[in-house]
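One structure is given below, encoded as structure tokens.
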Amino acid sequence: MFKKIMKGGGGHKKPSKSDDPSASACNSQVAANVIVNHASRGAGGGTMASAGANSTIGPTSPMPILPPSGLMEPLPMFRDVPVSERQNLFLRKLHVCCYILDFSDTLKNIREKEIKSQALMELVDFIQSISGKMMENCQEEMIRMVSINIFRCLPPALHENTGQEATDPDEEEPYLEPSWPYLQLVYELLLRYVVSLDTDTKVAKQYIDHSFVLKLLDLFDSEDPREREYLKTLVHRIYGKFMVHRPFIRKVINNIFYRFIYETERYSGIGELLEILGSIINGFALPMKEEHKMFLVRALLPPHKPKSDFKLADTDIWGLLKYWPVTNCQKEVLFIGELEEVLEATQAAEFQRCMVPLFRQISRCLNNSHFQVCRKFIYS
């Protein structure tokens, strides 16, 4: 229900490229920034600035473009080499996958795309089948490869490019990332690494650090719903496995909500972030911490996503009444549905504190000229 209200627009995306075609994909001696750059945001207006985190991911390498013709050659399969050489082959395949190809033209770099696709599929299978812990240098290079591929520019939304007035996000056709068949394999590789029982969080957190998580959350502004679905699963798994990241993830989501509510009013992944928060909130212990109560009032109530803690029911109801839509009847129907859920968990003492303004709003709804609004109360 919330996703229908919250989805925002996206735009066409182009990967960044390095000016040096001979740069090594995984040279750990060279440091460079791998940044999620929202071209539709002003300087300092993005989540990374709000969170105040470092914009680099460890000793990252420059993003290499396609190598000179003939240098990108297919590598042997894992099953065709001795076990003792597979870790080294794993690194070589990671290097191949670091090359950034042009996916906007399906007829361009066909051979190189096939090589990269095959390497990615083999890496995914290898991660799933490997027994025991992966060497640290392999983990570092894998996260570097993932970063080079998924952390890319997200240009302005369509209405920003054309100058037209923003339309209802539900009426917009979703943008489908042309490189998604390859990006999906990269996301799958990262997901299997995160959920693996052999992944040691003490080691992995050196590479999946706050900076990495920050840029991962910023990608929720991608317009492609397939990418947001993978991001939702990934962030949920990271939140569950890396306890050290939990407060930071809540803080970054908080900042995204603030920017959505008070600045942009458009953000593609609000619905998915609310789903993540739904799982997080279910794990909160009672009585709730002050941090969580403030998050309810400042970030969740404005987008009308109340919690079900009955002790905060009157706060929920006051928040719904404050942000009750005036001219949007469809949104008003959704508000009524949420109000019904809150009232089911409301105790008498909390209800008495807000019943006067509540019944005033109910009377206005019963007299509403829109049949869905008044009928919603009649049959509730």
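Whole-Hz Karplus ³J(HN,Hα) for the range 196-201, in order, using 6.51 cos²θ - 1.76 cosθ + 1.60 and θ = phi - 60°, x for Gly and Pro?
Once θ is set to phi - 60°, the couplings for the range 196-201 become 4, 5, 7, 7, 7, 4 Hz.
Can you put V373, V81 in order of Cβ neighbours within 10 angstrom, beginning with the fewest?
V81, V373
Pulled fully out, how much extra length does the chain show between F371 and V356, if you take 0.36 nm times their separation in residues and subtract their Cα-Cα distance?
3.0 nm
Please turn the phi angles of the range 238-243 into ³J(HN,Hα) values with the Karplus equation 6.51 cos²θ - 1.76 cosθ + 1.60 (θ = phi - 60°), one per residue in order, whole Hz, x for glycine and proline.
Here the 3J(HN,Hα) series is 5, 4, x, 8, 9, 4 Hz.
Which entries of K133/K215; K289/K331; K205/K331; K93/K251 have Cα-Cα distances beyond 32 Å here?
K205/K331; K93/K251
Please list, in chain and number order, the residues 5+ apart from L154 or on another chain whose amide H is under 5 Å from its amide H, with Hs placed from the backbone.
Those qualifying (amide H under 5 Å, at least 5 residues apart or on another chain) are N37, H38, A39.
Exposure proxy check: K133, K215 ranked by fewest other beta carbons within 10 Å?
K133, K215
Using the Cα atoms of the range 313-380, I'd like the radius of gyration and the largest Cα-Cα distance, Dmax, both in angstrom.
11.4, 33
Listing D218, D209 from the residue with the fewest other Cβ atoms within 10 Å to the one with the most, what is the order?
Ordered from fewest to most neighbouring Cβ atoms within 10 Å, D218, D209 come out as D209, D218.
Looking only at the range 141-155, which residues have a backbone nitrogen under 20 Å from a spot 7 Å from the Cα of Q206 in the C-beta direction?
Taking a point 7 Å out along Cα→Cβ of Q206, the residues of the range 141-155 whose backbone N falls under 20 Å are 141-148.
Using a cut-off of under 15 Å, list every residue of the range 218-243 whose amide N is near the label point 7 Å from the Cα of T264 along the Cα-to-beta-carbon line.
Answer for this model: 218-225, 228.
If R0 is 22 Å, what FRET efficiency do you get for S117 and D198 from their C-beta distance, rounded to 0.05?
It comes to 0.30.
What is the log10 of I(q)/I(0) for the range 183-255, computed with the Debye formula using one identical point scatterer on each Cα and no solvent, at q = 0.14 Å⁻¹?
-0.41
Need the full-extension length gain, R226 to L75, defined as separation in residues times 0.36 nm minus the C-alpha distance. One decimal, nm.
51.4 nm
Taking every pair of alpha-carbon atoms in the range 94-158, give the share separated by more than 16 Å as a whole percent.
Pairs farther apart than 16 Å: 57 percent.
Show me 221-232, 261-272 ranked by packing, highest mean number of other Cβ atoms within 10 Å first.
221-232, 261-272
Computed from the coordinates by the stated procedures, all read-outs in this text should not be read as laboratory data. Since this is a predicted model, take the numbers as computed values, not measurements. Neighbour counts are summed over all protein chains in view; Cβ atoms, including those assigned to glycine, are modelled from backbone coordinates with ideal geometry.
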